[in-house]
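The numbers here are math on the coordinates, done by the rules we state, and not lab data. Not measured: the values here are computed from a predicted model. Neighbour counts run over all protein chains shown; Cβ positions are idealised from the backbone, glycine included.
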Amino acid sequence: MSDAPVVEHPRKRVLGALGQAGIETTRTVGSAYGVFVRTLYYLVRGRHEPGAIARQMYEIGNRSLVFVSLVMGFVGVILVYQGGVQTQRVLPDLSQLGATFLELLVRDLAPSLAALMLATRVGAGIAAELGSMAVTEQLDALRLSAADPVDYLVKPRFVASIVMLFVLTIVSGTVAYACGLVGARVFFDLSPRSFVDSSLVDPVDLGSGLVKCLAYGAAIPILSAHAGLSAKGGSDAVGAATTRAVVHSSLAVIALDFAISFGAHALFGGYSR
């Protein structure tokens, strides 16, 4: 008999890797969905602690306000400048620059960019905090005390994230539009009266932006908390949980953005007027 090693076909390795990735993804989605369902249950029938929610609103909203607003301000200037330059290559008329920019902000840019920045800052923080509690057996101590960590730790962050993402979107979107107005004045000598124009914003745009805020605000704490709660091992597990939280939250924002935008297009015939 030959003792030569059996060489696995490359196609089998690729299919095996894809199958394993699919299984892990399905398992993660199912586990995160379980955390989401338990959070909704405790939101209705759990303890009511306004103080815990207020503390999380401060951590999530107040401490992210400067960071999110600063980034959105630069984004506003950059987008208005690039949009104006590209428009001038086709048409000399920039009268619709402000209206178009406002429509994009309300429909997509303000909630999506604010959520992506919140996923990097807040999502990592939630995963690190809960992951540290998991590896030091503090979560087990809560369970032994007949307290569900989802009720005590996830629910306040869930409520605070939804509320504060609405606030951050409005504030940072306003900052982005104001910085875009200044950029239009400096780069294109466009008057504020011509730039400030809400004629292109309709209820579909507004509704799409609000639904995205709700979806993002719910997804970020659930996925981040799930990554932290599932951490096992030592300090390296906390780092891995933090990475998973940022990656999963960012992917969820992108996927939800596509799904909601596609749904709005399918239900209302797009954004045509």
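Here are the numbers:
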{"read-out": "Whether the stretch 21-91 is rounded, prolate or oblate, judged on the alpha carbon gyration tensor where a/c under 1.5 counts as rounded", "value": "oblate"}
{"read-out": "Relative intensity, log₁₀ I(q)/I(0), of the stretch 105-156 from a Debye sum that treats every alpha carbon as a point, q = 0.32 Å⁻¹", "value": "-1.12"}
{"read-out": "Max mean-square fluctuation residue, GNM over the chain, Cα-Cα springs under 10 Å, options Ala245, Ala52, Ala227", "value": "Ala52"}
{"read-out": "Intensity falloff of the stretch 166-237 expressed as log10 I(q)/I(0), Debye formula with alpha-carbon point scatterers, at q = 0.15 Å⁻¹", "value": "-0.71"}
{"read-out": "Residue-wise HN-Hα coupling along the stretch 212-224, computed from phi with Karplus coefficients 6.51, -1.76, 1.60 (Hz; x: Gly, Pro)", "value": "5, 4, 5, 5, 5, x, 7, 6, 4, x, 5, 5, 5"}
{"read-out": "Selected from Leu142, Leu116, Leu206 as most flexible by GNM, with the chain as the system and alpha-carbon contacts under 10 Å", "value": "Leu142"}
{"read-out": "For the chain: relative contact order, % (alpha-carbon pairs under 8 angstrom, 6 or more apart)", "value": "30 percent"}
{"read-out": "Cα-derived Rg over Rh, computed across the stretch 210-273 with Rh taken as Kirkwood radius", "value": "1.20"}
{"read-out": "Vicinal HN-Hα couplings computed from phi for the stretch 155-164 (Karplus, 6.51 cos²θ - 1.76 cosθ + 1.60; Hz; Gly/Pro x)", "value": "4, x, 6, 5, 5, 5, 5, 5, 5, 6"}
{"read-out": "Long-range HN-HN contacts of Asp197 with modeled amide H, under 5 Å", "value": "Ala99"}
{"read-out": "Charge tally in the Cβ shell below 14 Å around Gly209, where Lys, Arg are +1 and Asp, Glu are -1, Gly209 excluded", "value": "-3"}
{"read-out": "Principal axes of the stretch 31-181: Cα extent on each, largest first, Å", "value": "70, 29, 28"}
{"read-out": "Rg(Cα)/(2.2 N^0.38 Å) for the stretch 77-130, N = residue count", "value": "1.65"}
